[in-house]
Structures are given as structure tokens and as C-alpha cells.
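Below is one structure, written out as C-alpha cells; comments come after it.
Each reported figure results from applying straightforward, stated rules to the coordinates on display, with no laboratory input. Because the structure is predicted, anything quoted here is derived from the model rather than measured. As a convention, Cβ positions derive from the backbone with ideal geometry for all residues, glycine included, and neighbour counts pool all protein chains shown.
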């Protein structure tokens with residue numbers, strides 16, 4: 001790290017750079033999970049690794065498609081982006097992923113990003129206009145640490161996927177978790193990857209310690225550490241989208257990370273905070289940083305906005321058969337949000 005005086009100057013420069021290239025809008029990003037299973041199962045920070053021994057039938061770890069679509073619909077109504085469809089390795093075929101992506105893109109009325117492990121070129125070729133970008137979960141910029149925390153998830157195949165995705169015209173992104181014990185002197189490796197692989201978006205998560213994992217008793221990193229990494233990245237890459245991931249017990253980090261250069265926020269348990277004090281706190285953090293939020297976490301009247309002026313995608317054939325259950329799930333989500341608010 002650097003001295004407080006130099007850090008403040010860095011944040012000031014990063015803030016000006018962000019405003020120049022991205023304006024004042026801050027997006028809310030929501031990762032929609034498809035499953036709670038991963039056949040790797042040994043990343044030392046991941047709740048899926050802790051869950052894996054308890055799951056006897058991986059097929060039962062798949063979420064209902066109607067629930068996935070209902071989550072996408074609530075996000076659409078509240079003006080919340082889908083950061084990506086996410087899930088562990090090895091449970092869905094490329095054809096199944098395409099079908100799910102078509103349904104979610106139709107409901108949310110926007111093209112999607114995927115973060116579902118390493119996809120070969122043959123899989124990438126299957127997707128159409130429903131998929132905009134491909135994300136690689138690199139997890140840390142310290143490669144020595146990476147071998148320890150993600151022993152079954154080497155970086156080389158992830159980078160090759162991003163290279164292939166670039167060549168096919170997809171946008172590309174990566175995710176990084178801060179607070180795993182990474183060495184700051186390794187940060188230039190990340191910048192080299194961003195430049196060489198033409199990365200369009202980075203998500204910097206703050207470690208959220210999960211029970212029964214190696215990092216269960218580790219504290220999240222300091223807010224200014226996360227802000228420092230974001231600011232360094234913003235100054236290296238003024239035009240890239242940077243998303244800052246913060247858990248519900250660290251919401252006060254949001255303002256600092258926005259001033260450091262983040263123009264998207266994510267990670268908090270979204271459906272537990274809409275319309276209550278946590279959602280209000282997030283909006284206050286955004287305003288305190290001199291920004292405006294795209295969408296809302298407090299105006300629950302938006303939950304009733306079922307209409308769409310113009311559909312960007314044709315209706316997938318399967319949507320007809322699951323529409324009744326989808327509509328029931330949407331109502332269930334809304335009822336729970338309202339109940340938590342009262």
C-alpha cells in the first residue's frame with residue numbers, strides 16, 4: 001500500500017478519470033446462479049466447495065428455471081443489470097446453457113454475460129444474440145496463491161477461452177477476489193492480462209468468508225485496500241467497466257470504491273435488501289459519492305411494472321410451458337420483498 005496522502009491523491013485522480021469516461025451513472029449488478037454444484041469442488045474460498053460433500057445428487061442442485069426467470073424479471077422491473085449467469089463447472093451442457101440464456105435474455109429483455117467455467121470454442125459457437133460477453137473467474141492476480149486456492153482451476157484454459165471469445169466477437173470479463181493473501185507486487189500481472197486479452201470488465205470482490213471453508217475465519221480486506229486496487233486499475237484502464245463486490249456487512253465500502261473508479265456495484269444479497277434499510281443505505285452511499293443509481297433498491301412500486309414497450313428477443317418456444325409457474329414465482333418474490341419491508 002501507499003501513504004494515506006498518496007492514496008487520497010490517487011482516489012482523486014481515479015474519480016476524475018471515471019467521471020470523464022463513464023459519467024455519474026452507477027449500475028446495480030446481479031449474478032444469477034444456475035446451480036449450487038461444481039465438479040471442481042476445491043476452491044478454498046467457495047461455498048460450493050463446502051456444500052459439495054453434502055450434495056449426493058448434483059442434478060438436484062440445479063435451480064428451477066422458473067425461479068431463475070422470476071429473479072431476472074424482478075431485476076428488470078427494478079432496473080438492475082444481470083452481471084452474468086453463473087454456476088459451477090460440469091453440470092450443464094452447452095446446449096442447455098444456450099436454452100437457459102435465451103429464456104433469461106427474453107425475460108430480462110437484454111443480452112447476457114456468462115460465467116460458467118471454461119467453455120470450449122465449440123460451445124461458444126452455439127450462442128447467438130442472447131449472449132453478449134464471457135467471463136473468466138480467475139479469482140486472484142497472484143499466480144502462486146492461485147495454485148493454492150484454486151488447485152483444480154488452472155488459469156491457462158480460462159485465458160484461452162477469453163482469447164477465443166474475443167476472436168468470436170464477444171465482450172470479455174474477469175473476476176478477482178481481494179483478501180485471499182495476494183501480494184500487491186503481483187498486480188502488474190493483472191494489468192498485463194487486461195491489456196493482452198482486451199478485457200472489457202473486471203469485478204473486484206471483497207472476500208466474504210464462508211463457513212466450512214479454509215477462509216472461514218479470515219476477515220474481509222480493508223475498504224481502502226479494495227479502493228486502492230480499483231483506483232490503480234482505473235488509472236491503467238480509464239475506459240474499462242469496474243464492478244465492486246461488497247457483502248451486506250461492508251456496505252460502507254461502496255462509496256470509497258465508487259470514488260476509486262467503480263461504476264457498478266454487486267454481491268450483496270439483493271432480494272433481502274430491496275425496500276428496507278439496507279437498500280436505502282446503498283443508495284445513500286451512491287449519492288454520497290456524487291453519483292446516481294441506475295435502477296432502484298427502495299422504490300418497490302417498480303415491482304408492479306410488468307409491461308415492456310418493445311421486446312428485443314423473440315419468445316423462446318419453451319417459455320409458454322413454464323410461464324404459469326414463472327408468474328407464480330414472480331408473485332412469491334414480490335410477496336417476500338414486501339413482507340421483509342413491513
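Before moving on, here are some points about what is shown:
- Taking every DSSP beta bridge that has both ends in the chain, the antiparallel portion is near 5%.
- Cα-based shape type of segment 298-342, given that a ≥ b ≥ c are square roots of the gyration tensor eigenvalues and the cut on a/c is 1.5: oblate
- Stretch gain in nm, segment residue 249-residue 109, where the contour uses 0.36 nm per residue and the Cα spacing is subtracted: 47.2 nm
- Cα centroid separation, segment 265-302 to segment 310-342 (Å): 22
- Helix-only arithmetic for the chain: the sum of -39500 (n - 2.57) across DSSP H runs with n ≥ 4, divided by the residue total, places the mean residue ellipticity at 222 nm at -13000 deg cm²/dmol.
- A protection proxy built from the mean count of other Cβ atoms within 10 Å ranks the segments 154-162, 261-269, most packed first, as 261-269, 154-162.
- Global size of the chain as Cα Rg and Dmax, reported in angstrom: 19.4, 60
- Treating each Cα of segment 146-268 as one equal point scatterer and applying the Debye formula with no solvent, the log10 of I(q)/I(0) at q = 0.12, 0.17, 0.23 Å⁻¹ comes out as -0.46, -0.92, -1.44.
- Residue with peak Gaussian network fluctuation, the chain [Cα springs, cutoff 10 Å], from 138, 322, 82: 322
- Burial order of peptide ranges 88-99, 210-221 (average beta-carbon count within 10 Å, highest first): 88-99, 210-221
- Relative to one another, the C-alpha centroids of segment 15-30 and segment 154-233 are positioned 19 Å apart.
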